[in-house]
Each structure stands twice: as structure tokens, then as C-alpha cells.
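The values are calculated or read from the model by the stated rules, or taken from the named source; none is laboratory data. For clarity, every value in this text was computed on a predicted model and none was experimentally measured. Cβ placement follows ideal geometry from the backbone for every residue including glycine, while neighbour counts extend to all protein chains displayed.
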Amino acid sequence: MAAKHIIEEANRCLQCKNPRCIKGCPVETPIKESIAMLLNGNILEAGEKLFLNNPLSVVCSLVCPHEKFCEGSCVLSNKGNPIQWSSIEHYISDYYLDKVDLKPNIDKNKKIAIIGSGPAGITISIILALKGYDITIFEMHDKIGGVLRYGIPGFRFPKDIVDRIKNQLIEIGVKIRPNITIGPVITIDDLFNDGYKAIFIGTGVWSPKPLRIKGESLGHVHYAIDYLKNPNVYNLGKKLCIIGAGNVAMDVARTALRKGVREVYIMYRKGAEEMSASENEIDYAKLDGVKFEYYKTPIEIVDEGIKYLKTSKVVKDEKVEFISDPSKEYLFESDSVIIAISQGPKANIVSNTKGISINNKGLVSTDEEGNTTREGVFASGDVVTGAKTVVEAVKFSKGVAEAIDEYVKEKYDI
């Protein structure tokens with residue numbers, strides 16, 4: 001959005017005494033103050049305020065479901081025209097990102113290991129580095145960013161932003177070790193033996209959840225989380241069917257169309273009103289030409305496409321049920337199939353470490369402050385909660401960063 005429109009949008013802000021937009025934001029972004037600073041010509045001051053409150057402000061400005069949080073809470077949303085804070089936030093945060101000039105005094109005796117460089121890992125690295133901690137990030141891929149780089153399509157989120165964030169991490173003294181998997185190579189015990197005072201796990205959810213139906217191993221079948229890592233290496237043919245109805249499914253569908261697939265369909269066993277994807281993402285998918293096949297339950301994948309049963313929505317005793325009719329099978333023809341129903345964490349760390357408990361979904365168990373069941377090991381982000389929004393990962397991680405700080409001070413008196 002051009003500067004002129006940013007100013008016009010900022011001037012529409014009513015500067016409410018009790019801003020609902022701030023209360024509606026999971027990290028209570030200082031929207032009112034930041035807009036006032038911008039209009040008073042203090043964009044750097046506004047940028048710093050946003051950065052210190054949320055180190056991933058520039059990211060959230062692009063990928064946050066604003067209609068659910070800040071903009072949806074704006075008093076002007078009652079008239080259907082809320083302040084477009086997302087555009088203002090991006091203008092300020094993008095301007096500030098290359099001008100961050102924070103030089104903490106790093107104490108080499110206060111080493112913290114951050115495993116995973118997604119939203120949670122980046123957030124905690126920045127917060128603790130600014131407190132003087134000697135941070136090392138261990139990343140299994142060759143580049144940092146986690147879901148920001150490998151899980152969100154480039155048309156929604158430019159990857160160069162992650163590169164700029166990496167530069168700021170290095171500027172404030174954070175070390176980065178790429179292409180290293182903690183667990184089978186370097187263990188948690190190794191990290192403690194090498195002097196790390198605390199360890200943070202923010203490894204995300206990178207294992208796709210299978211449907212467990214016949215045909216999933218066929219050569220034209222893929223998983224969404226794998227596809228989004230590098231869509232360019234896939235040959236999907238002219239017609240693609242995606243099984244799933246969340247935001248990831250929408251990302252896959254819109255990406256595939258941009259990569260040359262002619263027809264893209266979403267197959268879902270329920271109806272439109274039950275889809276878990278946000279309304280905005282569904283609308284964008286429809287604009288891009290994605291088609292939707294509702295009330296179809298896949299039962300087998302074959303070379304020609306997907307065998308499915310027709311499903312009906314039934315209300316019994318005020319409870320909604322979706323019942324498949326097994327009397328007749330149907331075939332939905334497609335050149336390729338992508339499964340996008342969910343994903344879970346890999347077991348690289350917990351399978352090679354004693355004392356870290358997981359729940360029945362394989363997610364790391366923690367208390368409210370991010371403590372795992374092993375002393376000195378903390379966790380947050382998707383590896384704890386399952387796939388959530390970036391801003392929710394930031395919210396939880398801010399609290400975990402404070403808990404790590406308190407733990408190190410109390411245990412090591414430094």
C-alpha cells in the first residue's frame with residue numbers, strides 16, 4: 001500500500017481511550033501509540049516499539065488473520081470498514097527492520113541453545129539476546145525460518161523478509177548452525193555438557209498426518225507440508241485434487257495453480273460451513289479459481305484419482321453427524337493427489353533423549369511457562385500446541401523467554 005494510503009488509513013484511527021484492537025491482539029500490539037508516532041513523524045520510534053513488543057511484527061503484518069484479531073475488534077468494524085492496521089504495521093515494521101540498532105552486551109557464560117528457527121525460535125532468540133544471552137540456533141535445514149520459509153507460499157509472504165531477520169539476528173550476536181539435527185547427531189546431554197544453561201525446543205510440526213487409506217504410497221500422491229517446502233520439484237499434471245479443508249490446503253491449491261496446474265479441486269467430507277480454513281483464505285482460493293467438492297469421503301486412492309463415498313449431514317438430538325453411504329462408490333478423476341489434513345512433530349529429539357514427555361499426539365508436554373518434564377529444557381510453538389498462527393506462537397514464546405531468563409538467574413546466580 002502506498003504511503004499516501006497508509007497516512008489516510010492512519011488518520012482514520014479514532015485513538016480510542018480503551019482500544020478494542022489492542023485487546024483483540026494476542027500480543028497486545030501497541031496499535032494506538034504506534035499510529036500516533038507514525039503520524040507525528042516518528043516512524044523509527046514506532047518501529048522499535050512494535051519490534052520490542054513482537055520481534056516478528058513484520059511477519060504478522062502479512063500472515064496474521066487480522067479479521068479474527070485486531071481488525072475484527074476495531075470499533076469501526078461494526079460499520080464494515082475497520083482500520084487496516086495490517087497495512088500500517090507492515091509499512092512501519094518493514095521500514096524499521098533494516099534499521100534495528102540494538103547492541104546488547106553478550107555474556108559468554110550465559111549460553112542458551114535454541115533448537116529450531118521458526119517463529120518461536122526466532123522470537124526467543126531475539127528476546128534473550130537483547131537480555132545479554134549468548135544464543136546459538138540449531139537448524140536442520142540450510143536456511144532459517146521454519147514454517148515462514150518452508151510452509152507459507154511466497155505470494156503470501158516474501159522469503160527475503162526471513163533473510164533480513166537473519167541479518168538482524170547476527171547483528172545482535174546470535175550464532176546460527178544450519179544443517180544440523182539435534183537428537184541423533186548432537187544430543188540434549190551434549191548441549192548441557194558443553195555449558196548451555198538452558199535449552200529451548202521449537203522444532204515445529206513437519207511430519208504429515210496420513211489418511212491411512214489404501215493407495216497413499218502411489219507415485220502421484222503427496223503430502224501438503226512436503227509440497228510447500230519446494231513446489232518446483234513436483235509434477236502434478238493438469239488436474240489436482242487436494243484432500244483437506246484448512247489453511248494449508250488453501251495454500252497448496254493456490255500454489256499449484258501458480259505452478260501451472262490447470263484444474264485444482266478441494267475434496268472435503270463435510271460442507272462449506274465446517275471448513276477450518278479462514279474465510280479470507282477460502283475467498284482468495286475461489287478468486288484464484290480453486291473448485292470445491294463437498295460431502296465426499298475418500299476411501300481409496302487409485303491411479304485414476306480418488307474413490308469416495310457420498311456423505312450426508314444429519315442432525316440427531318441436536319448433534320451434527322456426517323454419515324457416508326457405503327452402498328455405492330464413486331471415482332473423482334485427477335492426475336495427482338495432495339493430502340492436507342494435518343501434521344505432527346518429528347521424534348528426532350524425544351526419541352534420543354530421556355525425560356522429555358510427549359502427549360498422545362506426539363506434541364511436547366509443557367506447563368504454562370514452557371517447562372518440559374526435563375529440568376532446563378523448555379518448548380513452545382507448534383511442537384507444543386500443534387499448528388497455530390504465528391502471532392499465537394509469539395505470544396506463548398514471549399512468556400517462555402521470561403521463564404528461561406528467571407530459571408537461569410535462579411539456578412546459576414548470573
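The table that follows gives values for the structure above.
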read-out: Count of the range 332-354 residues which are in a loop (DSSP other than H, G, I, E, B) and surrounded by 12 or more Cβ atoms within 10 Å (Cβ to Cβ); value: 11
read-out: The range 94-104, residues that are crowded, with 17+ Cβ neighbours inside 10 Å and over 21 Å from the mean Cα position of the chain (by Cα); value: 96, 100
read-out: Selection count, the range 78-110, where residues are closer than 21 Å to residue 65 by Cα, at pLDDT 95 or above and assigned to a loop (DSSP other than H, G, I, E, B); value: 3
read-out: Candidate set from the range 373-391 (those that are over 15 Å from residue 121 (Cβ atoms) and not basic (Lys, Arg)); member that is surrounded by the most Cβ atoms within 10 Å (Cβ to Cβ); value: 391
read-out: Checklist (1) assigned by TED's automatic domain parsing to the domain that holds residue 362; (2) crowded, with 17+ Cβ neighbours inside 10 Å applied to residue 243, failing item; value: (1)
read-out: Strands (runs of 3 or more DSSP E) completely within the range 272-331 that count 2 or more residues being of a type outside the set (Asp, Glu), under 24 Å from residue 255 (Cβ atoms) and more than 32 Å from the chain's Cα centre (by Cα); value: none
read-out: Qualifying residue in the range 42-60 (condition: polar (S, T, N, Q), in a helix (DSSP H, G or I) and in the same structural domain as residue 180 (by TED's automatic domain parsing)); value: no
read-out: Unmet requirement for residue 7, which otherwise passes all of (1) more than 29 Å from residue 168 (Cα to Cα); (2) touching a residue at least 12 places away in the same chain (Cβ under 8 Å); value: (1)
read-out: Matching residues, the range 371-398, being in a loop (DSSP other than H, G, I, E, B), touching a Gly at 6+ places or on another chain (Cβ under 7 Å) and touching a residue at least 24 places away in the same chain (Cβ under 8 Å); value: 374, 380, 381
read-out: Conditions (1) touching a residue at least 12 places away in the same chain (Cβ under 8 Å); (2) over 27 Å from residue 124 (Cα atoms); (3) not in a helix (DSSP H, G or I); number of the one not met by residue 18; value: (1)
read-out: Filter result for the condition that a residue is at positive phi, surrounded by fewer than 17 Cβ atoms within 10 Å (Cβ to Cβ) and out of contact with any Gly (no Cβ under 6 Å at 6 or more places or on another chain), over 212, 164, 156, 177; value: 212
read-out: Criterion violated by residue 319 - all others in (1) within 30 Å of residue 229 (Cβ to Cβ); (2) out of contact with any Lys or Arg (no Cβ under 7 Å at 6 or more places or on another chain); (3) not assigned by TED's automatic domain parsing to the domain that holds residue 365 satisfied; value: (1)
read-out: Selection status of residue 403, touching a residue at least 24 places away in the same chain (Cβ under 8 Å), in contact with an Asp or Glu (Cβ under 8 Å, 6 or more places away or on another chain), under 14 Å from residue 204 (Cβ atoms) and in a helix (DSSP H, G or I); value: no
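Residues checked against (1) farther than 29 Å from residue 170 by Cα; (2) buried (at least 20 other Cβ atoms within 10 Å of the Cβ):
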site: 71; (1), (2): yes, yes
site: 75; (1), (2): yes, no
site: 80; (1), (2): yes, no
site: 88; (1), (2): no, yes
site: 92; (1), (2): no, yes
